Amino acid sequence: MYKVVILLVSVFMFWSLDSFGQSFEEYEQKMNSMYDKFRDNADKQYEDFYNRANAQYADFIKQAWVEFKVEPQIPEPKPNPPVQPVFNPKDKVVPQTKVPTISIPPHVTAPQAQPVRPIPTKIIPAQTITVDFFGAECTLRADKSALAMELEDDSENSVSKGWSMLSDGRTNALINDCLDLREQLNLCDWAYYELLQQVAGDIYGNKTSREAIVLQAYIMTQSGYQVRFGRTKEGLLLLISTNATVYATPYVFIDGAKFYALGSVAESIYVCNFKFPGESVLSLRMKSLPTLPVDTIQGRELHSPKMNESKIMINHNRNLINFLGSYPRCSIENFVNASLDSLAKQSLYPTLRNLIADKTEEVAANILIDFVQRAFQYKVDDEQFGEERTLFANETLYYPYSDCEDRSLLYATLVRDLLGLDVVLLDYPEHIATAVKFNQDIDGDYMLINDEKYLICDPTYIGATIGICMPKYQEIGAQIIMAD
């Protein structure tokens with residue numbers, strides 16, 4: 001809460017103590033008058049703050065940008081057996097295998113970036129624009145004629161000129177509308193980045209134009225995100241900072257942080273390294289799925305032996321599938337929190353709930369793991385997509401093939417949602433599995449995590465019930481990936 005709010009409370013208390021003997025109308029008039037003065041003063045303080053910060057930013061942009069060497073792209077690991085492994089009862093050599101206790105702190109996702117101060121809106125554009133964001137028609141207050149700018153080149157002076165123009169208040173209504181849409185559509189940071197890219201592209205006709213890049217960078221900094229301008233022979237770039245590992249994407253190290261240059265192939269980048277007040281890195285750890293309009297498409301029929309005669313026809317939201325397909329290729333911990341959307345749950349969960357009703361945790365978990373092992377065809381990503389790619393649970397239900405990390409994410413989602421149990425991912429060399437903390441003691445291979453028993457459950461190992469680890473991983477430690 002801002003200090004000005006505390007001051008406002010103090011002012012109200014003063015007036016209330018001095019108001020005895022006054023009529024209600026006189027008291028109300030004084031209260032309203034004091035609030036109006038306070039509000040005007042607060043708005044002036046906020047406006048002065050942004051004016052100073054953006055003026056300093058524009059001045060810094062004019063200075064010579066520093067050259068940074070582009071670091072080698074990080075190749076995406078391929079944690080997949082080329083052929084889906086099948087359990088042989090002879091494989092279970094050592095029952096009740098465990099590894100030493102692993103102590104890891106719980107992961108806490110940082111709050112989403114916010115403006116340091118509320119953005120005052122004094123200029124209200126008469127015009128609006130409408131952009132289609134994965135099926136959502138988004139209307140925003142923006143006057144294209146007022147935002148029109150033609151930057152001569154990618155030089156420091158040209159970019160500074162564009163920044164100064166945008167920071168005179170004409171974009172404030174647009175920024176607030178973008179932030180409102182972020183909340184209304186439940187957009188994660190990557191979705192917000194894409195929304196701003198689309199908005200800027202609509203205003204300037206091309207999302208990769210220097211004008212669009214300057215506007216996107218401006219809105220992101222005002223929204224609280226850490227970005228930098230970059231320049232190569234290819235043109236102007238927007239560099240984004242994130243704690244996630246982004247694969248197959250060039251990046252530069254700036255003050256110990258990775259800034260990724262999406263789409264660039266340059267060997268070096270000239271960077272304007274100026275910190276905007278209160279900036280935060282862009283998080284790729286999706287906490288929940290965006291709320292997008294439903295465009296239903298019917299998928300394939302799913303069945304596994306333990307389902308008896310039951311078969312499930314899954315419905316998908318085309319808009320959501322398209323958005324998930326745009327997500328950067330990044331490390332698997334960024335996928336662990338996202339569940340299924342309501343459309344997929346309506347298709348899948350009633351049948352699964354009926355199958356596990358009145359069953360013990362052990363029996364129910366085995367029904368679910370058999371479903372994930374056998375209802376989906378196995379194929380490594382290189383064969384399906386031509387590159388390594390982690391799928392969200394919704395995508396595993398949608399695409400014809402999946403591999404070990406995809407199945408582990410789906411199984412973790414089903415166990416959390418349908419059984420209410422805690423699940424972690426086990427990141428082995430060349431393989432991903434899961435481990436579940438059951439309320440009952442169940443025999444099998446397990447790990448001790450923070451002194452709690454987690455039974456190993458491998459949704460890729462066909463025919464293996466819960467508590468069976470592949471022999472080659474029984475003596476190998478795994479990186480533990482926890483949900484929030």
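Residue by residue, the stretch 353-361 carries 3J(HN,Hα) couplings of 5, 5, 5, 9, 4, 6, 9, 5, 4 Hz when phi is fed to the Karplus relation 6.51 cos²θ - 1.76 cosθ + 1.60 (θ = phi - 60°); x denotes Gly or Pro.
Among 313, 165, 220, the ranking by other beta carbons within 10 Å of each residue's beta carbon, starting with the fewest, stands as 313, 165, 220. For a straight C-alpha distance cut-off of 27 angstrom, the lysines reachable from residue 90 (same-chain residues fewer than eight places away being disregarded) are 98, 306, 379, 437, 453, 472.
Applying 1/(1 + (r/R0)^6) with r as the Cβ-Cβ distance of residue 275 and residue 318 and R0 = 45 angstrom yields a FRET efficiency of 0.65. If you plug the beta carbon distance of residue 126 and residue 180 into 1/(1 + (r/R0)^6) with R0 = 25 Å, you get a FRET efficiency near 0.85. Amide hydrogen proximity for residue 422: with H placed 1.01 Å from N in the peptide plane, the residues at 5 or more positions away or on another chain lying under 5 Å are 437.
Relative to the longest principal axis of the Cα atoms of the chain, the long axis of helix 156-166 lies at roughly 80 degrees. Working from Cα pairs under 8 Å separated by at least six residues, relative contact order for the stretch 423-473 is 29 percent. For a paramagnetic label modelled at 7 Å from the Cα of residue 110 toward its Cβ, which residues of the stretch 223-246 fall within the zone defined by backbone nitrogen distances under 17 Å? Output list for this probe position: 223-228, 239-246.
Among (1) 65, 58, 38; (2) 81, 69, 45; (3) 63, 56, 41, which one is Cα extents along the principal axes in Å computed from these coordinates? Derived directly from the coordinates: (2). The order of the peptides 382-388, 237-243, 249-255 by mean Cβ neighbours within 10 Å, most packed first, is 237-243, 249-255, 382-388.
For the chain, the longest principal axis of the alpha carbon atoms and the long axis of helix 24-62 meet at an angle near 80°. The separation of the stretch 371-385 from the stretch 185-227, counted between C-alpha centres, amounts to 35 Å.
Using the 2.2 N^0.38 Å rule of thumb for compact globular proteins, work out how the stretch 184-242 stacks up: its C-alpha Rg over that value, please.
Cα-based Rg divided by the globular estimate yields 1.09.
The simple Förster model, with R0 at 41 Å and r as the Cβ-Cβ distance, assigns residue 152 and residue 83 a FRET efficiency of 0.10. Under 5 Å between amide H atoms, partner at least 5 residues away or on a different chain: which partners does residue 254 have, H built in plane at 1.01 Å? Residues meeting the amide H criterion: 259.
Restricting the GluC sites (Glu not before Pro) of the stretch 423-475 to loop positions (DSSP other than H, G, I, E, B) with no more than 16 neighbouring Cβ atoms within 10 Å leaves 430, 475. Sorted on the mean count of surrounding Cβ atoms within 10 Å across their residues, most packed first, peptides 191-201, 298-308 read 191-201, 298-308. Taken over the C-alpha atoms, the stretch 344-484 has Rg and Dmax values of 14.4, 43 angstrom.
Axis of helix 3-17 versus longest Cα principal axis of the chain: the two differ by about 60°, to the nearest ten degrees. Site pair residue 48 and residue 450 shows an inter-label distance of 4.6 nm when each label is modelled 7 Å from Cα along Cα→Cβ. Peptide packing: for 365-371, 279-285, 407-413, the average count of neighbouring Cβ atoms within 10 Å per residue gives the ranking 407-413, 365-371, 279-285, highest mean first. Per residue, the chain reaches -11000 deg cm²/dmol at 222 nm when only DSSP H runs of four or more residues are counted, each adding -39500 (n - 2.57). Note: relative contact order over the stretch 182-278, using C-alpha pairs below 8 Å and six or more positions apart, is 20 percent. Each Cα pair under 8 Å and six or more residues apart adds its sequence gap; the mean of these over the residue count of the chain is a relative contact order of 18 percent.
Close amide H pairs (under 5 Å, H built 1.01 Å from N) link residue 273 with 66, residues at least 5 positions away or on another chain.
Where a number appears in this text, it was derived from the coordinates with a stated rule and is not lab data. Computed from a prediction, not measured in an experiment: that's the story for all the values here. Counting neighbours? That spans all protein chains shown, and the Cβs are built from the backbone with ideal geometry, glycine included.
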